[in-house]
Each structure stands twice: as structure tokens, then as C-alpha cells.
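One structure below.
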Amino acid sequence: MGWLILAKVVESFSQRHWFFDAIRSEMRMRSMLMVAVYQKPLKLSSIARRSHMTGEIANYIAVDAYQMGEFPLWLHTMWSLVLQLFVVIGILFSVIGFGAFPCLVPLLACGLLNLPFARILKTPVPADDCTGRAAAISF
């Protein structure tokens, strides 16, 4: 029991440290990207500036910088999740043996039942498009 508590404490501290570093690097990446993209309109001619309003450019900067900053976090979360899943299944098989097969049935069932919900969440909500346009116009 003591080893389990120690393992969870170490996992908690290491995860918090990883998330802290991920968020810090995300903020650095976002600020560098915003500076790089914001300097571009300053170099444009007045004719080129007429095609995109300042508010549209600011909206592009905010959205793109946010997405680029979130990318490393999601990338590492995906491979880490797969690794953790295989490690847990390996531990389950090493402890229980072939009796672990019935335990995998609910895991697979929940995974397969969540696929339709994931597809629903991927479809964009029509109100988001109007909100983005309204925000761009207000700038």
C-alpha cells in the first residue's frame, strides 16, 4: 500500500511539473508567434493593408497563436495516453493473466461507444462562425 501511495505522489508531482513546463512553453511560443505575425502588417503597403482590416489581422493572430501554442500539449498527451494504456494493460496481464480478457471488454465497449460522440463534437457549431465574424467586425 505504501508503494502505491509513493508512486501516486511521484506521478502527481511529475505531471504537475510537466503541465507547468508545457503551459510555460505554450505561452512563450504564443508570444513569439504573435510578435512575428504582428510585425508583418507593419511592413505592408497601404494598398495591401486595405484588403485586411486591423481587427481581422488581430483575430488571425490570436486564433493561430493559440492553436500553435496548444499543439505540443495535445501531441504529447496523445502519445503519453497510448503509452499509459499499453503499460496498464501489460501490468493487468502480468498480474491476472488471461483472466484479464473479461476486464478489457468494458474498456473496448466504452471506447467504441464514445466514437459517435467524438464525431458529434468535431462538427462545428454554426453560432461559432457568427461569433467569430462579430468579433472580427468589432475590432
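The values are calculated or read from the model by the stated rules, or taken from the named source; none is laboratory data. No experiment lies behind these values; they were computed from the predicted model shown. Cβ: placed from backbone, ideal geometry, glycine included. Neighbour counts: every protein chain shown.
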For the range 61-73, indicate whether the set of residues that are of a type in the set (Asp, Glu), surrounded by 14 or more Cβ atoms within 10 Å (Cβ to Cβ), under 30 Å from LEU107 (Cβ atoms) and in contact with a helix residue (DSSP H, G or I) (Cβ under 7 Å, 6 or more places away or on another chain) is non-empty. yes
Determine the pairs where a residue that is surrounded by 10 or more Cβ atoms within 10 Å (Cβ to Cβ), located within the range 7-28, has a partner that is at pLDDT below 85 with Cβ atoms under 6 Å apart, the partner being 6 or more residues away or on another chain. ALA22/LEU73; GLU26/GLY69
Scope the range 69-107; condition in contact with a Leu (Cβ under 8 Å, 6 or more places away or on another chain) and β-branched (Val, Ile, Thr); matching residues: ILE89
Out of the residues in the range 83-95 that are among the aliphatic types (A, V, I, L, M) and surrounded by 10 or more Cβ atoms within 10 Å (Cβ to Cβ), which is farthest from LEU4 (Cα to Cα)? LEU83
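The rows are residues; the columns are (1) at pLDDT 70 or above; (2) more than 25 Å from the chain's Cα centre (by Cα); (3) of a type in the set (Asp, Glu); (4) over 30 Å from ILE91 (Cβ atoms).
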| residue | (1), (2), (3), (4) |
| --- | --- |
| MET1 | no, yes, no, no |
| HIS17 | yes, no, no, no |
| SER46 | yes, yes, no, yes |
| THR54 | no, yes, no, yes |
| ASN59 | yes, no, no, yes |
| PHE71 | yes, no, no, yes |
Could you grab me the full set of residues in the range 29-44 that are surrounded by 10 or more Cβ atoms within 10 Å (Cβ to Cβ) and more than 17 Å from the chain's Cα centre (by Cα)? SER31, MET32, LEU33, MET34, VAL35, ALA36, VAL37, TYR38, LYS40, PRO41, LEU44
